[in-house]
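A quick write-up on the structure given underneath.
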Amino acid sequence: MFIPDKKQKWAVASYFGLLFSFLVIRAITVPLIPDEAFTYFLYVEPGNFLAPAAQADANNHLLNSVLSYLSASAFGHSTFALRIPNLLFFGLYFFAAYKLAQHKKSPTSFWIVLVSLTTIYPILEFFSLSRGYGMSYAFLLYAISLVFDFQKQRNPLTPWLVLLITIAGLWSQLSLLFAFSMLLLICALILLREKEFSIRNKIGFSVSSVTTLFLFVLHIADMKKSGLLYFGSKHGFPITNLVSLNELLYQSKNKWLAYLIFVLILIALVSLIIFLLKFGVASLTRHEIVFPAILLGSVTGTVLSIYLLEGEGPLSRTALYFFLLLIGNFLFMSNQENGSARISTFIPIPLTVFTLCFINSKYVNYWAEHAVQKEIYQILSADKNPMKSVGGSDYLDRIFYAEHTIFGKGVPTTYHIQREHFAATDYLLLTQKDQKKYQNELKEYQLVVSDEQGVNLYQAKKMRTAAKIQSFTYTFQPGNYEFMGIGSLFSKEYDLKKDYCLLVETASKFPQKIADLTWVVSFFDQEGGAIETRYFTMNHFSRHWADGTPFSFSVPIPLIPENTDEVRLYLYNPKLQQHDPIKISYTLYQL
């Protein structure tokens, strides 16, 4: 056991301060990513986290959603406020790495462990984002450090603390089920083996652990049955999965890197088997068994879930914990401090330090192409035209609504996603890929903000004017109607080859604020059949839509489908929420 002296403790504190400061800078400067925006509008903004009030989805890393909501409530709704909880959990992750490093015997080995565990750059990135991955890795590493302690110091409360951490960790990331299961198994085996623990403690912990894991398995099975476990792949397993992991770690799809990690995992598993054969049951008290045992359990569980239960294999961010376990395996392959043991301790250094080659304070590397820099929102927010139209690449819509409208107080307007057919808008937010796709259309635009990796902003060379056509006011009486028809906006008597814009002013009050109250614009043919429907969620325009506060927003209506005979506007209330009177006024303009 290595105990740092005063100077070394100051060095550790300085190292932590350096890393934490870097993460704070990233949390402030890195643009919101699509998954964060999705979590914000579905769970954080409405303050609902569980079905039926909230939409069930794999995106809902429950503990992260709850803590992000509390942070936003305390510090205001902003990108940085959403990320504060994960920033704080970096302290737990670093503390766990420090505790593990203390199990080494020399200063050199201590620092190798500490630096190796805290320089895996993709893991560091997650501590500056509002996602469950960062806090889940903090829980996992801290649980491992507790198991290390329990192997030497038989505190009967330690296994129960590991169980509580397991619950928190799984509500942060369900992908860690097999890893936490192995930690609970090791604790249970030590409890059952040692005579100093009471029968009550042994049975109580074993039953509680099995019950907890069983409930999480039922939850995961229910999500799978509902088609909610959509992120993953079993095709080409395991190389395809390891390639995605390498892309996250090293920005490379090179299969040789995948084969290298595959071989290292095999070495780890073989070393575990040799170790078990050599020491038998006594190996339960040795640190060398912990990381490879978790790795073995995770690999075995993944293989069984793919080939027996038709599950999906982990990809990129959901496979990242395999890399953490692999690094830990080589760091603690032996308690010896010389010879081959020292060589194994040095193996993680190039694997982790090389990930720092991609360090930056501007992007999340995995989502770099969807990074919308703050300068773009400043330009859009400065344009106070209530009927300005904004569109562009997919996956940017919720980011736009959050950063521009909710956090940035920009004039609320809908975001038109450019898909099969291009629609002219005043501003375009385009990824590098879509810029090439729309080269001809961009001749009518000028580049305003350029970004070599992320999103570029274009502005129309000729901004469109608006001509007023009609106005209408309507009040819905109290009730809980599913569809509230506001009326026919216009019919074929207007030029349907033109684009239109709807300026809406409304005030509504709902006792319970749910995320999916939606404005709907529907296009119907002559026989009354629906041709196309466009949805605009209420909380994309205002945080106060449910408390009776009046607000306004615009809905550009481009690309009216052929054979349209009538266009209607209505409110869709899928959860049949009870509401007070709703007052709606709209004005239709032709662009």
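Oblate is the label for the stretch 196-305. Its Cα gyration tensor axes, ordered a ≥ b ≥ c, give a/c of at least 1.5 and b/c at or above a/b.
Put a plus charge on the Cβ of each Lys and Arg, a minus charge on the Cβ of each Asp and Glu, and nothing anywhere else: the dipole of the chain about its Cα centre is then about 2060 debye.
How much mean residue ellipticity at 222 nm does the chain get from its helices, if each DSSP H run of length 4 or more adds -39500 (n - 2.57) and you divide by all residues, to the nearest 500 deg cm²/dmol?
Mean residue ellipticity, 222 nm, calculated: -14500 deg cm²/dmol.
Most tightly packed first, judged by the mean number of other beta-carbon atoms within 10 Å of their residues, the peptides 549-562, 572-585 read 549-562, 572-585. Here the label points at Ile531 and Lys253, each 7 Å from Cα along the C-beta direction, are separated by 3.9 nm in the simple model.
Highest mean packing comes first when the peptides 313-324, 282-293, 494-505 are listed by Cβ atoms within 10 Å, giving 313-324, 282-293, 494-505. Label positions at Gln8 and Ser226, each projected 7 Å from the Cα along the C-beta direction, are separated by 5.0 nm.
Our compactness index for the stretch 273-398, the C-alpha radius of gyration over the empirical 2.2 N^0.38 Å, is 1.70.
Under the criterion of Cα pairs below 8 Å and six or more residues apart, the relative contact order for the stretch 484-591 equals 49 percent.
Computed from the coordinates by the stated procedures, all read-outs in this text should not be read as laboratory data. Here the structure is a predicted model, which means the values were calculated and not measured. Neighbour counts run over all protein chains shown; Cβ positions are idealised from the backbone, glycine included.
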